[in-house]
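The values are calculated or read from the model by the stated rules, or taken from the named source; none is laboratory data. Bear in mind the structure is a predicted one, so any value in this text is a computation, not a measurement. Positions of Cβ are backbone-derived with ideal geometry, glycine not excepted, and every protein chain shown enters the neighbour counts.
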Amino acid sequence: MIARRRTYTSARDRLMKLAEFGPFFEGRHAMQVFDWTPKTAAHYLWMWARQALVKPLGGKSDVFFNLVADYAAENRIEAAIRRVMPGAVVGLLNVLNESGLTTQRPGTLQLLVRPDERQFTIDAANVESRPATWWSAVDLANGIEPGNEEFLARLTQGAAIADSALSPGGLDPDDIDFEAVKPAESRRALKILRMLSPVDSRSSNLEESYTATWNARRQAGERRRMRAQVRIPKG
């Protein structure tokens, strides 16, 4: 009986077959196309990543950019994230920088998710959860611009400004060009701040309301840090 000779298929040929799924694919796609077990698929994906033929999106997302089929596949990062976290919203510094309201540049993509939504560690993104009360206020103010197949949804200018005032990673008031904020977005930010700010402000001036909220949040953070440093002596 003549043993059948194994046919060799190169990594590049395999990855070109996976190009049918677009510039990125999931591990299950490799299992499906090549009839692999999860262990075999994991082994091949690990080798391809070491050879820089694919790049993982990160964490346990099981999404990989196919750099053989498309060397610029990583530019489709928002579409890839949308595959595994469809409810993620681009927020805060990304929106404010893209809008020209601050010169501060984000070091990574800042993503916000709802508390009940699954989230992954993404190499090129910082994923943060916001409480249900925050999402309710933003929804009431129509503070989210819908996304599409290529791009994630985004906070509006006003919602991003309000989130900046309310969040630990928010910008110093001096880093925001409040004069450049569109009137409609100013009203949106004020609406959200009136619902969520720890300061009971009726001000119609966005810069004043932002600064008051930002200061209150910072002072509350300082008090929490001081309490954490207190050591109760053992009796």
Among the residues of the stretch 165-186, which ones are out of contact with any helix residue (DSSP H, G or I) (no Cβ under 7 Å at 6 or more places or on another chain) and not hydrophobic (A, V, I, L, M, F, W, C)? Ser167, Gly169, Asp172, Asp174, Asp175, Asp177, Glu179, Pro183
Residue hits (the stretch 127-167; within 25 Å of Gly22 (Cβ to Cβ) and not β-branched (Val, Ile, Thr)) are Glu145, Pro146, Gly147, Asn148, Glu149, Glu150, Phe151, Leu152, Ala153, Arg154
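Can you name every residue in the stretch 142-169 that is among the hydrophobic types (A, V, I, L, M, F, W, C) and touching a Gly at 6+ places or on another chain (Cβ under 7 Å)?
Residues of the stretch 142-169 that are among the hydrophobic types (A, V, I, L, M, F, W, C), as a first pass: 144, 151-153, 155, 159-162, 165-166.
If the condition is that a residue be among the hydrophobic types (A, V, I, L, M, F, W, C) and touching a Gly at 6+ places or on another chain (Cβ under 7 Å), then Ala153, Leu155, Ala159, Ala160 are the ones that fit.
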Going through the stretch 14-53 in order, the residues found to be closer than 24 Å to Glu150 by Cβ and outside any helix (DSSP H, G or I) are Gly22, Pro23, Phe24, Phe25, Glu26, Leu53
Considering only the stretch 144-154, state which residues are touching a residue at least 40 places away in the same chain (Cβ under 8 Å) and in contact with a strand residue (DSSP E or B) (Cβ under 6 Å, 6 or more places away or on another chain). Ile144, Gly147, Leu152, Ala153, Arg154
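Out of the residues in the stretch 111-127 that are without any contact (Cβ under 8 Å) to a residue 24 or more places away in the chain and in contact with a strand residue (DSSP E or B) (Cβ under 8 Å, 6 or more places away or on another chain), state the one that is farthest from Gly59 (Cα to Cα). Reasoning before the result, please.
Start the filter on the stretch 111-127 by keeping residues that are without any contact (Cβ under 8 Å) to a residue 24 or more places away in the chain, which leaves 115-116, 126.
Still in the list and also in contact with a strand residue (DSSP E or B) (Cβ under 8 Å, 6 or more places away or on another chain): 115, 126.
Values: Pro115: 18, Asn126: 12 Å.
Only one residue tops the list, namely Pro115.
Taking the condition of being of a type in the set (Ser, Thr, Tyr) and not in a helix (DSSP H, G or I), how many residues in the stretch 126-140 meet it? Walk me through how you get there before you give the answer.
Of the stretch 126-140, the ones of a type in the set (Ser, Thr, Tyr) are 129, 133, 136.
Subsequent filtering for residues that are not in a helix (DSSP H, G or I) retains 129.
Total satisfying the criteria: 1.
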Would you check if Phe64 is in contact with a Lys or Arg (Cβ under 8 Å, 6 or more places away or on another chain) and not assigned by TED's automatic domain parsing to the domain that holds Pro131? yes
Those residues that are in a loop (DSSP other than H, G, I, E, B), more than 15 Å from the chain's Cα centre (by Cα) and surrounded by fewer than 12 Cβ atoms within 10 Å (Cβ to Cβ), I need them from the stretch 141-176; list them, please. Asn148, Glu149, Pro168
By residue number, the members of the stretch 78-110 that are within 9 Å of the chain's Cα centre (by Cα), touching a residue at least 60 places away in the same chain (Cβ under 8 Å) and part of a loop (DSSP other than H, G, I, E, B) are Ala88, Gly91
When you check Val68 against the structure, is it assigned to a loop (DSSP other than H, G, I, E, B) and either in contact (Cβ under 8 Å) with a residue 40 or more places away in the chain or out of contact with any helix residue (DSSP H, G or I) (no Cβ under 6 Å at 6 or more places or on another chain) (or both), yes or no? yes
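Restricting to the stretch 180-198, count the residues that are under 13 Å from Leu140 (Cα atoms) and either in a loop (DSSP other than H, G, I, E, B) or not hydrophobic (A, V, I, L, M, F, W, C) (or both). Step through it out loud before you land on a result.
First, the residues of the stretch 180-198 that are under 13 Å from Leu140 (Cα atoms): 187-196.
Still in the list and also either in a loop (DSSP other than H, G, I, E, B) or not hydrophobic (A, V, I, L, M, F, W, C) (or both): 187-188, 191, 194.
Here the count works out to 4.
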